[in-house]
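Notes follow the structure.
The values are calculated or read from the model by the stated rules, or taken from the named source; none is laboratory data. Everything quoted here is computed from the prediction, not taken from an experiment. In this analysis, Cβ positions are derived from the backbone assuming ideal geometry, glycine residues included, and neighbour counts consider all displayed protein chains. Calculation scope for accessible area: heavy atoms of the full protein, side chains included, ligands and nucleic acids excluded. Shrake-Rupley method; radii C 1.70, N 1.55, O 1.52, S 1.80 Å.
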Amino acid sequence: MKTLVAIFAYAVLALVACLPTSADDPKPTRLVSHVEVLYAEDLVVHQGFAYVAAKHYGVEIVDVSDPTQPKRVGALSTTEAWEPAVEGQRLYVADLAGGLLIYDVSEPSNPQILGSWVPGWRVVQVAPAGTRVYVSGGSGSDGKLAVLDVSDPANVAQLGAFEGLTGPGSGGTALAAKGDVVYYGRADGQLLVVDASAPADMKVVIEVPYTATDGAWGLGLFVDGDRLYYANWGAGVLVFDVSDPKAPQWLGVFQSGNYAHYDVWASGDRAYVASDNGLDIVDVSDPTRPILVRNVSAKFDLDDGLHGVWVVGDHAFVADNKEQALTVLSVRE
């Protein structure tokens with residue numbers, strides 16, 4: 001489509017490396033605190049509590065109301081937690097073979113299970129949207145995407161499933177939604193835009209191919225207003241205008257050298273990129289030309305290996321898979 005002709009240009013722009021803010025302070029450490037979380041994979045922060053997906057260690061619950069003194073206050077025993085999401089007072093957990101788990105977190109340190117949905121395939125990603133929840137993952141060489149009605153969490157109902165995701169690399173490894181439009185990031189780096197307005201008859205309206213030469217792997221999708229950010233392994237973080245959700249227009253790309261880009265969180269003119277090079281604070285006031293403001297190291301023992309990021313105020317909370325920790329960084333400028 002005309003609106004996406006420019007997508008093929010991003011491979012060229014991705015070669016433009018962002019430089020540190022100064023030669024004498026290329027990678028400052030702004031470590032505020034950290035607490036051990038084995039196999040920290042991803043996280044969400046809600047009302048002063050961090051819920052950290054820790055794979056086969058379940059979900060760790062950390063009180064971060066005082067960022068200088070994070071305290072583990074509980075844990076959820078799950079099969080293999082990969083991604084958490086919170087909407088309202090509900091926590092949704094993509095639990096691989098355990099499917100989708102739903103908890104009441106009105107009392108954050110003591111969540112109560114409300115329901116579950118186990119489809120028989122690996123649930124890797126979850127994106128709540130009101131009474132709907134979108135989940136993605138895969139089974140063998142086939143990708144999977146389903147729309148669920150969670151208005152009654154004790155009786156989750158499948159509204160529809162998309163069956164056109166087949167072949168190597170079709171697994172759903174990144175997911176976001178804007179209303180009834182779903183953004184499905186594949187294991188091979190491609191991005192699918194799916195119209196889910198009729199859940200029983202979902203359709204791909206646009207397929208954005210991965211054309212760069214670096215390693216491909218869709219790892220993080222985040223919607224901020226009318227922008228969509230896509231963390232895509234070696235390609236960097238792609239930025240799209242989604243003012244028309246079904247027709248995203250590519251705006252620009254941020255690439256932090258030859259590092260793996262795992263996750264992205266954004267608000268207004270700042271995006272925060274988690275990678276194995278630490279946390280990049282990026283100026284996206286001009287999304288056609290994202291500029292690195294500062295690279296912050298989360299290293300305290302081993303090395304940076306950030307798989308997830310969430311920002312609240314002047315603090316970034318990162319799931320550091322290599323350090324096996326929830327680490328708090330200052331992002332004040």
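Summing charges over neighbours of Gln125, with a neighbour being any other residue whose Cβ is under 14 Å away from its Cβ, gives -3 when K and R count +1 and D and E count -1.
Explain nothing, just the number: dipole magnitude of the chain about its Cα centre with +1 on each Lys and Arg Cβ and -1 on each Asp and Glu Cβ, in debye rounded to the nearest 20.
About 340 debye.
Note: region 104-250, Cα convex hull, 121 Å³ per residue. Looking at region 24-113, the accessible area is 42 square angstrom per residue; that uses a 1.4 Å probe and ignores ligands, DNA and RNA.
Of the solvent-accessible surface of region 52-154, computed with a 1.4 Å probe over protein heavy atoms with every protein chain present, carbon and sulfur atoms account for 44 percent.
Here the contact order of the chain, divided by its residue count and restricted to Cα pairs under 8 Å and six or more residues apart, works out to 16 percent. Starting from region 262-309, pick out the chymotrypsin sites (Phe, Trp or Tyr not before Pro) whose DSSP state is loop and whose Cβ has at most 15 other Cβ atoms within 10 Å. Listed in order of number, the matching sites are Phe300. Accessible surface comparison of Tyr259, Tyr92, probe 1.4 Å, protein chains only, largest first: the order is Tyr259, Tyr92. Counting Lys and Arg as +1 and Asp and Glu as -1 over every other residue whose Cβ lies under 10 Å from the Cβ of Ser285, the net charge comes to -1.
Quick check for you: with a 1.4 Å probe and neighbouring chains kept, what is the accessible area per residue of region 177-333, in Å²?
Heavy-atom accessible area per residue stands at 34 Å².
One Cα centroid belongs to region 105-122, the other to region 204-278; the line between them spans 29 Å. Note on Arg72 and Ser330: the model spin-label points, each 7 Å out from Cα along the C-beta direction, lie 2.7 nm apart. Using a 1.4 Å probe on the protein heavy atoms, what percent of the accessible area of region 170-318 belongs to carbon and sulfur? It is 46 percent, rounded to a whole number. For region 179-333, the extents of the C-alpha atoms along the principal axes are 50, 28, 28 Å, listed from largest to smallest.
Heavy-atom accessible area, probed at 1.4 angstrom with all protein chains present, ranks Leu114, Leu76 as Leu114, Leu76, highest first.
Protein chains only, probe 1.4 Å: how do Arg332, Arg132 rank by accessible area, largest first?
Heavy-atom accessible area, descending, gives Arg332, Arg132.
How much net charge surrounds Val312 when only other residues with a Cβ under 14 Å from its Cβ are counted (Lys, Arg +1; Asp, Glu -1)? Cβ neighbours under 14 Å give a net charge of -1. When the charge dipole of the chain is built from unit charges on Cβ atoms (+1 for Lys and Arg, -1 for Asp and Glu) and taken about the Cα centre, the candidate among His34, Val45, Val181 whose Cα reaches farthest toward its positive end is Val181. Given a 1.4 Å probe and the protein chains as shown, Asp301 ends up with an accessible area of around 110 Å².
Taking all protein chains together and rolling a 1.4 Å probe, His56 ends up with roughly 110 Å² accessible. For region 305-317, 3J(HN,Hα) computed residue by residue from phi via the Karplus equation (6.51, -1.76, 1.60; θ = phi - 60°) reads x, 7, 9, x, 9, 9, 10, 9, x, 8, 10, 9, 10 Hz, glycine and proline entered as x.
The slack in the chain from Val204 to Asp149, taken as 0.36 nm per residue of separation less the alpha-carbon distance, amounts to 17.7 nm. Structural descriptor for region 225-333: relative contact order 17 percent, calculated from alpha carbon pairs under 8 angstrom and at least 6 residues apart.
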